[in-house]
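**Student:** Pasting a structure here, questions to come.
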There are 2 protein chains.
Amino acid sequence: MRIIGEKINGTRKKVAAAIADRDAGYVTHLATSQAEAGAAWLDLNAGTRPDREPDDLVWLVDTVQAVTDTPLVLDSANPAALRSALERVERTPVINSISGERNRIEGILPLAAEYGTGIVALAISETGIPETATARMDVVRDLISHTRAAGIKDEDVYVDPLVLTVATNNDSAVISLETMRMVRAGFPDVHMTVGLSNVSFGLPARAQINRGFLTLAIAAGLDTAIADPLDKGLQTQILVAEMLLGRDRHCLNYVRASRNGLFPE
Amino acid sequence: MRIIGEKINGTRKKVAAAIADRDAGYVTHLATSQAEAGAAWLDLNAGTRPDREPDDLVWLVDTVQAVTDTPLVLDSANPAALRSALERVERTPVINSISGERNRIEGILPLAAEYGTGIVALAISETGIPETATARMDVVRDLISHTRAAGIKDEDVYVDPLVLTVATNNDSAVISLETMRMVRAGFPDVHMTVGLSNVSFGLPARAQINRGFLTLAIAAGLDTAIADPLDKGLQTQILVAEMLLGRDRHCLNYVRASRNGLFPE
């Protein structure tokens, strides 16, 4: 399980202010702290208006690359912003994201192919997020036919089966987990990722819900998540889940983390 | 998910001393605290020599029944002790346990039938704990042919698929979970229970392992567990898992527990 660090996101007020003021200090702090906590990638989302986004995303890329070698996830639906950022990125990034919407496929997928990046593929159709796992899997199948046609290998695709909060639909997590199992069975080489914290939106004590969902999702085939790498409870839960699922030989990672003080005895 | 309170167990030193000294205070404390924390049953295990066990188990039954109405699980492999206890029990108990061992089936199953109790059925054969889920399921199938032949309804059977520590076999939890899925698919009316804490034996920070395993086990069909009902983290994890699995309508149980202060915001 690898974590895409979620914190550099312009929809958060402090990040938006840092971008507007070109305040590198806060952004580099978020970059280095997430990288040191073990993030495999850092998500960069400028969250700004289309006309500002190319400059803002490039500034984020430059600012973050100045302090860490951790690869980047370019989080934008704006082809112009993505192309500007791709020109500056030093290590192979992941583009976040395409979906079943034609304009996303036509505008963004060629960039992924041209620059040889990874690509997040959301299980969203032209008409929104399908309500059943089967319908989401139909979208995923269509998306992978497009990524393959564009010459992108399955192992460079990060399918996001999506999860909505259980606060508004009791079956949200079940639908997401079932989609994960179908994707894992149907496309063994693709990666899967999810915006973890959506599952608990509007509920109290969200962290414990996120951790429980992550445990179930890892069992269903999830191998990356957009999440907070500084959440030690979440890191602990990942180690526990991987150990319980037989993926931590001789429990070495778990015992090492314990010795290093990741969690209390 | 219902919890069988595990604390009144004579293999624990303080309980053994209380039994030897007929110190009702400590035992009634364990009984009331577990019952108030929501235990659906209280496990009573005298843990003493066969010649002492009938008197000791009867004393436990009398002592606990004097302070709580919570039903009991009579935890013994000794038919004489079980019969003595069954004569004193006021509410329908569960007997813990039979296994695929002939002497257990012949000595204990008739008592369950005669007294109309529930019965825990361990997936252990004459030669020990099978190493694969398929082999454990063979034992379960054999056990259920016996319980059915004895006139015991499937809904009075509590199959224990067993879990050993992942410290000595990386696949222990996977084998247990796979057995649970097979039992749930093959015998939809039986209950399933497990001695939860075995999974983490010999490892650091056991509580978090137990909670992670419980989450996966609930998804695999487990509906009762022998555990510590006073472990608020475990109670929390149960609420989270049931909510994520779509079994907590409108998240009412989870939100109510939050309002009642079960877990920090």
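The values are calculated or read from the model by the stated rules, or taken from the named source; none is laboratory data. Every value quoted in this text rests on a predicted model; they were computed, and no experiment measured them. Neighbour counts run over all protein chains shown; Cβ positions are idealised from the backbone, glycine included. Surface accessibility is based on the protein's heavy atoms, side chains included, excluding ligands, DNA and RNA. Shrake-Rupley method; radii C 1.70, N 1.55, O 1.52, S 1.80 Å.
**Student:** Sum -39500 (n - 2.57) across every DSSP H segment of at least 4 residues in chain A, then divide by the residue count to get the 222 nm mean residue ellipticity, nearest 500.
**Tutor:** -15000 deg cm²/dmol
**Student:** Only bridges with both residues in chain B count here: give the DSSP antiparallel percent, nearest 5.
**Tutor:** Taking every DSSP beta bridge with both residues in chain B, the antiparallel ones total about 5 percent.
**Student:** Would you kindly calculate the mean projected area, averaged across all directions, of the convex hull enclosing the Cα atoms of region B:3-43, in square nanometres?
**Tutor:** Average projection, Cα convex hull of region B:3-43: 2.5 nm².
**Student:** Just to check I understand the Karplus step: with θ = phi - 60° and J = 6.51 cos²θ - 1.76 cosθ + 1.60, what whole-Hz values come out for region B:118-133, glycine and proline as x?
**Tutor:** x, 9, 7, 10, 7, 7, 10, 9, 4, 9, x, 8, x, 8, 10, 5
**Student:** Using DSSP loop states and a limit of at most 16 other Cβ atoms within 10 Å to flag trypsin sites (Lys or Arg not before Pro), what is the longest stretch of chain A containing no flagged site?
**Tutor:** For trypsin sites (Lys or Arg not before Pro) (loop position, at most 16 other Cβ atoms within 10 Å), the longest site-free span of chain A is A:154-246.
**Student:** If you don't mind, another one. Pop out the carbon and sulfur fraction of the accessible area of region A:41-183 as a percent, whole number, probe 1.4 Å.
**Tutor:** 48
**Student:** Name the residue, out of B:Asn78, B:Asn198, B:Asn253, whose mean-square fluctuation peaks in a Gaussian network model built on chain B with Cα pairs under 10 Å.
**Tutor:** Between B:Asn78, B:Asn198, B:Asn253, it is B:Asn253 that shows the largest mean-square fluctuation.
**Student:** Shifting gears a bit: In nanometres, what is the gap between the two model label sites at A:Asp154 and A:Arg83, each 7 Å from Cα along Cα-to-Cβ?
**Tutor:** Between A:Asp154 and A:Arg83, the simple spin-label model gives 3.2 nm.
**Student:** Could you state how much accessible area A:Met137 has, in square angstrom rounded to the nearest 10, with a 1.4 Å probe and all protein chains kept in place?
**Tutor:** Surface accessible to solvent at A:Met137 totals approximately 10 Å².
**Student:** Compute the convex hull volume of the Cα atoms of region B:120-265, divide it by the residue count, and report the result per residue in Å³ as a whole number.
**Tutor:** With only Cα atoms used, region B:120-265 gives 118 Å³ per residue.
**Student:** Another question about this same structure. Note down, for region B:11-94, the three equivalent ellipsoid semi-axes (square root of 5 times each alpha carbon gyration tensor eigenvalue), biggest first, whole angstrom.
**Tutor:** After scaling each eigenvalue by five and taking roots: 18, 16, 10 Å.
**Student:** When every alpha-carbon pair in chain B is counted, what percent end up more than 24 Å apart?
**Tutor:** Result: 49 percent of Cα pairs exceed 24 Å.
**Student:** Moving on to the next point. How many square angstrom of accessible surface are buried between A and B, both sides summed, with a 1.4 Å probe and rounding to 100?
**Tutor:** 2700
**Student:** Taking 2.2 N^0.38 Å as the expected size of a compact globular protein, what ratio does the Cα radius of gyration of region A:62-122 give against it, to two decimals? List each step's numbers first, then the result.
**Tutor:** Values: Rg = 11.3 Å, N = 61, 2.2 N^0.38 = 10.5 Å.
Normalised Cα radius of gyration, region A:62-122: 1.07.
**Student:** Between region A:213-262 and region A:146-189, how far is it from one alpha carbon centroid to the other, in angstrom?
**Tutor:** First find each Cα centre; the distance between them is then 20 Å.
**Student:** Using a 1.4 Å probe and counting only protein heavy atoms, arrange A:Tyr254, B:Tyr115 so the residue with the most accessible area comes first.
**Tutor:** Largest to smallest exposure gives the sequence B:Tyr115, A:Tyr254.
**Student:** Which value, in debye to the nearest 20, describes the size of the charge dipole of the protein assembly as shown about its Cα centre when Lys and Arg Cβ atoms bear +1, Asp and Glu Cβ atoms bear -1, and nothing else is charged? It would help to have the intermediate numbers written out before the result.
**Tutor:** Details: 52 positive and 68 negative charges, 101 e Å.
Dipole size: approximately 480 debye.
**Student:** A follow-up question, please. Could you work out the percent of alpha carbon pairs in region B:196-265 separated by over 16 Å, rounded to a whole number?
**Tutor:** Tail fraction, whole percent: 48.
**Student:** Taking θ = phi - 60°, what integer Hz values does the Karplus form 6.51 cos²θ - 1.76 cosθ + 1.60 yield along region B:53-58, in sequence order, with x for Gly and Pro?
**Tutor:** After applying 6.51 cos²θ - 1.76 cosθ + 1.60, I find 4, x, 4, 5, 5, 4 Hz.
**Student:** What are the semi-axes of the equivalent ellipsoid for region A:136-214, taken as the square roots of 5 times the Cα gyration tensor eigenvalues, largest first, in whole Å?
**Tutor:** That gives 27, 12, 10 Å for the three semi-axes.
**Student:** Sort A:Trp59, B:Trp41 from largest to smallest accessible area, using a 1.4 Å probe on the heavy atoms of the protein chains. Write down the numbers at each step before the final one.
**Tutor:** Numbers: A:Trp59 40, B:Trp41 20 Å².
Listed by decreasing accessible area, they come as A:Trp59, B:Trp41.
**Student:** Right, next: Along the charge dipole of the protein assembly as shown, pointing to its positive end and built from +1/-1 on Cβ of Lys, Arg, Asp and Glu, which listed residue (B:Asn253, A:Asn170, A:Thr68) has its Cα farthest out?
**Tutor:** My answer, from the dipole projection, is A:Thr68.
**Student:** Size of the dipole of region A:177-265 about the Cα centre, Lys and Arg at +1 and Asp and Glu at -1 on the beta carbon, nothing else charged, in debye to 20?
**Tutor:** 140
**Student:** Further question: With the contact rule set at Cα under 8 Å and sequence spacing of 6 or more, what percent relative contact order holds for region A:1-129? Could you put the intermediate results ahead of the total?
**Tutor:** Numbers: 228 pairs, mean separation 25.2, N = 129.
Relative contact order, region A:1-129: 20 percent.
**Student:** Each residue of region A:36-46 in order: what ³J(HN,Hα) in whole Hz does its phi give by Karplus 6.51 cos²θ - 1.76 cosθ + 1.60, θ = phi - 60°, with x for Gly and Pro?
**Tutor:** 5, 7, x, 4, 7, 9, 10, 6, 10, 10, 6
**Student:** B:Thr132 to A:Lys14: FRET efficiency via 1/(1 + (r/R0)^6), r the Cβ-Cβ distance, R0 56 Å, to the nearest 0.05?
**Tutor:** Computed FRET efficiency for B:Thr132 and A:Lys14: 0.60.
**Student:** Binning at 20 angstrom from zero up to the longest distance, how are the C-alpha pair distances of the protein assembly as shown distributed in percent?
**Tutor:** Result returned by the calculation: 20, 47, 24, 9, 0.
**Student:** Between A:Ala66 and B:Arg2, what FRET efficiency follows from the Cβ-Cβ distance if R0 is 56 Å, with the result rounded to 0.05?
**Tutor:** Values: r = 56 Å, r/R0 = 1.00.
After rounding, the FRET efficiency stands at 0.50.
**Student:** Using the crude model of +1 on Lys and Arg Cβ and -1 on Asp and Glu Cβ, and no other charge, please compute the dipole size for chain B relative to its Cα centre, in debye to 20. Before the final figure, lay out the partial values.
**Tutor:** Values: 26 positive and 34 negative charges, 117 e Å.
It comes to approximately 560 debye.
**Student:** A follow-up question, please. Given H placed on each backbone N at 1.01 Å, which residues far from B:Gly10 in sequence or on other chains put an amide H within less than 5 Å of it?
**Tutor:** B:Asn45, B:Ala46, B:Gly47
**Student:** For region A:172-236, max minus min Cα coordinate along each principal axis, in Å, sorted largest first?
**Tutor:** 35, 23, 15
**Student:** In nm, what is the difference between 0.36 nm times the number of residues separating B:Lys232 and B:Ala207 and their Cα-Cα distance?
**Tutor:** 7.9 nm
**Student:** Turning to a different aspect of this structure: With all pairs of different alpha carbon atoms counted, what Kirkwood hydrodynamic radius in Å does region B:1-155 show?
**Tutor:** It works out to 16.0 Å.
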